[in-house]
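Contents: one structure, followed by commentary.
The values are calculated or read from the model by the stated rules, or taken from the named source; none is laboratory data. On a predicted model such as this, the values are computed, not experimentally measured, just so you know. Neighbour counts run over all protein chains shown; Cβ positions are idealised from the backbone, glycine included.
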Amino acid sequence: MNKTFDSKKFISQNSIWLVLIVLVIIMGIAQPSFFTVNNLLTLLSGEAVKGIMAFGVMFAILSKGIDLTIGSSAGLVACITAALVQPADYANAVLPGVGTLPAPVVFLIGLALGAGIGAIYGAIIAYTKIPPFIATLGGQLICRAGAKIFTNRPVSNLSDSFRYPGAGRIGGFPVIIIVFLIMFAIAAFLLTQTRFGKNVYAIGGNDQAARVAGINVEKNLILVYVWCSVCAAIAGMLLAGRAGSADPANSGLNYELDAIAAATVGGTSHTGGICRASGVMAGILILGVINNGLVMLKVDDNMTNIVKGLIIVGSVILDMRKNAKKA
């Protein structure tokens, strides 16, 4: 039996994409060079790192939590992995006896570091019941301090093979965008096609009901924060590769705010249980269009932050009103 097309439902489900389309049209009219291929690639490359972080933190928000650690853990992983691909004399000075390692090995080390960081504070959140905001705020401070203790200056002179995912191109197309799209596909698959994703939805909706249904809440919460930190580790290594250096004070600084903003604008509810990967992608692109467009229009950076702040607050208000109507 054929179902009639429900235009209201379609618009409701895809309103965030309609907002993006309108925003792109406005920016294109205000600044015609916005639509050039180089500018669009620059826009996507610039948002890729924060976007990958958003694909991680959306799971934490979905579970009715938050992850403030991703920016500083990205910086810590960036500094450690950058040191491992330095010329041997510097690498030995930082990590005696280690020397320079091949980029693929360093990437695996970075992923392991990220998973370890996430497992630690994920376990703290799961088993002590401490609010995720507090646990990850503490983790944010610890990771940033750890990066500064590890090295007190920017780590540069990175090997070409390490830089390639963040700064390389394939036929003129930035590799970092390809990695970004791959991470989106993985996040969407985890969210919609795996038991883990369904469990996170259930935990965010009602964790007690999830327990009654036989879901191991603690195990899944740990996995949520492991995934967040793995995404942060990937983002940190890409950031170091793209910039050509890792700075213990500034690498990933405040990136968690943009990642959380993108997930929020994309419709991930802070009351838990509601998230669409496609919506988060739209949220990332909306913030990217705003950043890129206002820079092209030579708008003051403070005004850009004001616009982003208003959009974030407005998104949360709309989310709260939707949930109130459902209740």
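Numerical summary
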read-out	value
Pairs where the first residue, in the stretch 38-66, is within 20 Å of Leu239 (Cβ to Cβ) and the second is acidic (Asp, Glu) and part of a helix (DSSP H, G or I), C-beta under 6 Å, 6+ apart	Lys50/Asp258
Set Ser269, Ser278, Ser251, Ser245: member being polar (S, T, N, Q) and in contact with a Pro (Cβ under 7 Å, 6 or more places away or on another chain)	Ser245
Criterion (surrounded by 20 or more Cβ atoms within 10 Å (Cβ to Cβ), farther than 20 Å from Pro174 by Cβ and in contact with a Lys or Arg (Cβ under 9 Å, 6 or more places away or on another chain)) met by exactly one of Thr264, Thr268	Thr268
Members of the stretch 139-169 found to be loosely packed, with under 15 Cβ neighbours inside 10 Å and either assigned to a loop (DSSP other than H, G, I, E, B) or among the small types (Gly, Ala, Ser) (or both), listed by number	Ala145, Asn152, Arg153, Ser156, Asn157
Listing of helices (runs of 4 or more DSSP H) fully contained in the stretch 213-312 that carry 3 or more residues being closer than 21 Å to Ala30 by Cβ, more than 13 Å from the chain's Cα centre (by Cα) and not polar (S, T, N, Q)	277-296
Conditions (1) surrounded by 15 or more Cβ atoms within 10 Å (Cβ to Cβ); (2) modelled with pLDDT under 90; (3) of a type in the set (Val, Ile, Thr); number of the one not met by Ile117	(2)
Residue in the stretch 183-194 that is assigned to a helix (DSSP H, G or I), under 15 Å from the mean Cα position of the chain (by Cα) and surrounded by fewer than 17 Cβ atoms within 10 Å (Cβ to Cβ) present	yes
Condition check for Asn220: at pLDDT 95 or above, polar (S, T, N, Q) and farther than 30 Å from Ala147 by Cα	no
Cβ pairs under 6 Å, 6+ apart, first in the stretch 216-237 and at positive phi and without any contact (Cβ under 8 Å) to a residue 12 or more places away in the chain, second outside any helix (DSSP H, G or I) and not aliphatic (A, V, I, L, M)	none
The one condition in (1) at pLDDT 95 or above; (2) hydrophobic (A, V, I, L, M, F, W, C); (3) outside any loop (DSSP other than H, G, I, E, B) that Ala82 fails to fulfil	(1)
